[in-house]
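Right, one structure below, let's go through it.
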Amino acid sequence: MPATPLTPNPMTLDRAKMAKEQGNAAFKSGDYPAAIGHYTSAILADPDDSTFPLNRAAAYLKLGKNEDAERDCTTVLKLSRNNVKALFRRGQARMGFGCLDKARADFVRASELEPSNQSVKQELLEVDKLVQQQKQKHDSANTSRPITLPPGVVPAIKRRRVPIEIHENVSPPELTVKGAEKQPNGLGDNELLQPISSRALPRNHEPSSSNVGPDQSTVPPLPRQTTSARIESFKDAKQLRDTAKPSRVGGGIFRPSGNHTLFARDDEISGATPVTTSLPAMVDSTVQAPMTLFNFTKMWESHIKDEDRWNILSGIPPSSLPKMFQASLEPVLLSSILQHFKQVIDLQIATPDDVRKYLVSLSKVQRFGTIMLFMNKDEKLILKGLWETCGKLDK
């Protein structure tokens, strides 16, 4: 048995009719987005009524949404094939996005259904005008304009010139150094290279070695090692190099803590004692303190000993701490500084008076109160103990 078509619910039809009336009221007042919303509600309530998408297409055209208007008009024509308003509005939408051929077909179809409709005739004339303009523009683009030359002027023939470079089999020139002397004959492949001078030396008016005074120093000539014996192994080459130029390079032990041990450069000096340098000797009052937060953090993390850290911190005036930290002091760094203050007081590396000056300056750093909110209970106890220890100086 064929399926019985569903009968719309009267309540649904009433709701669709009410939404349509609200959409018409919004359309007349110029509120086209609200009208589109009401028409959409009507379509959802009754999708078989072609009036609802037709009215929504009119609202879409007012907002310039030509693609949406074309879609609604196509929906109307599926429900009502000879709807002149749907053909007219779809033609307007297609003109809006430049599909002139399809727009003309819609206007022609609407004119056949209603020959007396003046709006359709006017739009048909307009689309014919646009099609003619588009055709003329296309023809003018494809037609090349002839180039006119003055009388008596012959157009020059353009010729392509390709440069040709001839390469002959010529041996490369020998590289010579100005003022360099020729290599002495008799040196084979197995002999060492001889040092030569690449600078032209004066031949005349040159003082001899006998005229040089005792206070004038002369540079000894480079040792010239010439041998005709063939080097048989790497051991022979090493012995020859050691005897020709003994090494005078010293050495030492370099430690991350800064306590370096340096040895004498001359191995022939007997009884030489290693020279030990430590960080307190390197960081003194004459050395410029790290006045940037980046340099301070880098030095602070690279030194672990309390003595080294106090030498770094004591080189910074307490009054310059707010300027150096500004608003970039982190809770981790502040906690490390507070623990260091406690250690230097316990180890008697620094006096409570000196520590108190830095505590007062740290309290003036921006966001100091906010940083304290991120401190745990133990860190706050350390800060409280420091203030109690250093605050006894005021009594």
Every residue in the range 88-138 that is among the small types (Gly, Ala, Ser), within 50 Å of the chain's Cα centre (by Cα) and surrounded by fewer than 15 Cβ atoms within 10 Å (Cβ to Cβ), please. Gly98
Pick from Leu54, Leu79: which is open to solvent by 50 Å² or more (accessible area, probe 1.4 Å) and closer than 25 Å to Arg15 by Cα? Leu79
How many residues does the range 12-53 contain that are over 53 Å from the mean Cα position of the chain (by Cα) and either among the charged types (D, E, K, R) or in a helix (DSSP H, G or I) (or both)? 20
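The values are calculated or read from the model by the stated rules, or taken from the named source; none is laboratory data. Since this is a predicted model, take the numbers as computed values, not measurements. Backbone-built Cβ (ideal geometry, glycine too); neighbour counts: all protein chains shown. Surface accessibility is based on the protein's heavy atoms, side chains included, excluding ligands, DNA and RNA. Shrake-Rupley method; radii C 1.70, N 1.55, O 1.52, S 1.80 Å.
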